1. Does the range 237-282 hold any residues that are of a type in the set (D, E, K, R) and more than 16 Å from ILE333 (Cβ to Cβ), and which are they?
2. For the range 139-172: of the residues being surrounded by fewer than 21 Cβ atoms within 10 Å (Cβ to Cβ) and touching a helix residue (DSSP H, G or I) at 6+ places or on another chain (Cβ under 7 Å), which is farthest from SER222 (Cα to Cα)?
3. Please note which helices (runs of 4 or more DSSP H) are completely contained in the range 1-87 and include at least 1 residues that are touching a residue at least 40 places away in the same chain (Cβ under 8 Å) and not assigned by TED's automatic domain parsing to the domain that holds ILE165.
4. Here are the criteria: (1) touching a strand residue (DSSP E or B) at 6+ places or on another chain (Cβ under 7 Å); (2) within 19 Å of SER103 (Cα to Cα). Tell me which single one ARG248 does not satisfy.
5. Within the set of pairs 6+ apart or on separate chains, which have a first residue in the range 148-170 that is among the hydroxyl-bearing types (Ser, Thr, Tyr) and part of a loop (DSSP other than H, G, I, E, B), a second that is modelled with pLDDT of 95 or more and surrounded by fewer than 21 Cβ atoms within 10 Å (Cβ to Cβ), and C-beta atoms under 7 Å apart?
6. Scan (1) surrounded by fewer than 16 Cβ atoms within 10 Å (Cβ to Cβ); (2) in contact with an Asp or Glu (Cβ under 7 Å, 6 or more places away or on another chain) for the single condition ASP24 breaks and write down its number.
7. Has the range 95-107 got any residue that is surrounded by fewer than 19 Cβ atoms within 10 Å (Cβ to Cβ), farther than 12 Å from ILE7 by Cβ and under 26 Å from the mean Cα position of the chain (by Cα)?
8. Taking the options LYS280, LYS252, LYS301, name whichever one is of a type in the set (Lys, Arg) and touching a helix residue (DSSP H, G or I) at 6+ places or on another chain (Cβ under 6 Å).
Amino acid sequence: MNQNRAIVHMDLDTFFVSCERLLDSKLIGKPVLIGGTSDRGVVASCSYESRRFGIHSAMPMRMAKQLCPEAIVLRGNSGIYTKFSNMVTEVIKESVPLYEKASVDEFYIDLTGMDKFFGCHKLACEIRQRIIKETGLPISFGLSINKTVSKIATGEAKPNNQIQILKGTEKPFLSPLSVRKIPMVGEVTYKSLCDLGIKRIKTIQEMPMEMMHRVLGKNGLSIWKKANGIDNAPVVQYHERKSISTERTFDKDTTDVRKLESIITAMAENLVYHLRKGNKLTSCVTFKIRYSDFQTYTMQKKIPFSSADHKIIPVVMELYKRLYQRRLLVRLIGVKFSHLVEGGYQIDVFDDDEKIINLYQAMDKMRERYGDRAVIRAKAMEARSIGRWNAFNGEPPPLLANRRQ
């Protein structure tokens, strides 16, 4: 592994709030909360001004409003955020040969070897300035020899700034910081570390690797490496065409509309579940239909980034209805979600409340325990099997592999 790597982590500051401020300058300097606006809603994003009151993302909106009654609460618009995210992606795409879009507002860029031509820090600064100039959005970056150190550095650079960690200074840079700053240390792991009296990264650096392994298992080993600034993970080339799809070929061509709609619903529902399971969001839905004469038609629609059944399944059904020619025998149907990014459910919480989020989480838990089709929509019940499945990880679940009916 090349130890002279130059990895940049770029993160748009309070991205959703920054987008809203571009559209309404009166929001600048005010405490702003974005998320579900009902009392059952959840905070998806909050401005730095509101964080001073102890507000953070994923907090119930009701509690956030109690902490800061003067906060301006906005429902948010995922379509606008998707548009701005794509604008930033375009600037990065035009500027560098290798980048990874880690989520709608976060990027890794590999500038290894670019210093021969240009100077990595100078190039990263120029990209950042170009993004600020062309989109109006504040963005921060960290530059170091690996992803972990760069991501932590970005957190220290915020808001709207940049930090370079020179090779060989990773450990002293990380040393005084809270262990909570290590990527992959969530609330549960943080509590476990605190119970062990480990609050600063310096403590982990001073511990033998074997001890961390003994206490926290495989997870402890990863945390120890990250705390010591060791991370060989590559920047994975981002392809907008990255997709997840399923197709179903009928043994006997059909015109049974009820059967078709049931299977399409089941296919779409199952794919959306696998999006959430893979912590992915899609922004492009495609429907495909092939008739008995082998004439094949496809139609796609761009949507705001999502991984929610109630946002995506209606789009799939809309495309099917626009393409389907009645009285023609159908041989094959297919559904595909593309333009995937990491992102979990965060971007869908603007107009959902805890009830919907909790419902999806409960359904997904049951599917993980009892199988993909343990919980299905009534409309999808007629579909005994779903179809041939192609995933982003290349591994179809056993229930879906190469089924025909």
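The values are calculated or read from the model by the stated rules, or taken from the named source; none is laboratory data. Model, not experiment: these values are computed from the prediction. Here the Cβ is made from the backbone with ideal geometry for all residues, glycine too, and neighbour counts use every protein chain on show.
1. At the first step, the residues of the range 237-282 found to be of a type in the set (D, E, K, R) are 240-242, 247-248, 251-253, 256, 258-259, 261, 269, 276-277, 280.
Answer for the range 237-282, where residues must be of a type in the set (D, E, K, R) and more than 16 Å from ILE333 (Cβ to Cβ): GLU240, ARG241, LYS242, ARG276, LYS277, LYS280.
2. Applying the filter and picking the extreme gives PRO159.
3. Numbers: elements: 15-23, 48-51, 61-67.
Passing ranges, in order: 15-23, 48-51.
4. Unmet condition: (2).
5. Hits for this filter: zero, empty list.
6. All conditions pass for ASP24, except number (2).
7. The answer is yes, given that some residue of the range 95-107 is surrounded by fewer than 19 Cβ atoms within 10 Å (Cβ to Cβ), farther than 12 Å from ILE7 by Cβ and under 26 Å from the mean Cα position of the chain (by Cα).
8. Numbers: LYS280 fails: touching a helix residue (DSSP H, G or I) at 6+ places or on another chain (Cβ under 6 Å); LYS252 fails: touching a helix residue (DSSP H, G or I) at 6+ places or on another chain (Cβ under 6 Å).
That would be LYS301, the only listed residue that is of a type in the set (Lys, Arg) and touching a helix residue (DSSP H, G or I) at 6+ places or on another chain (Cβ under 6 Å).
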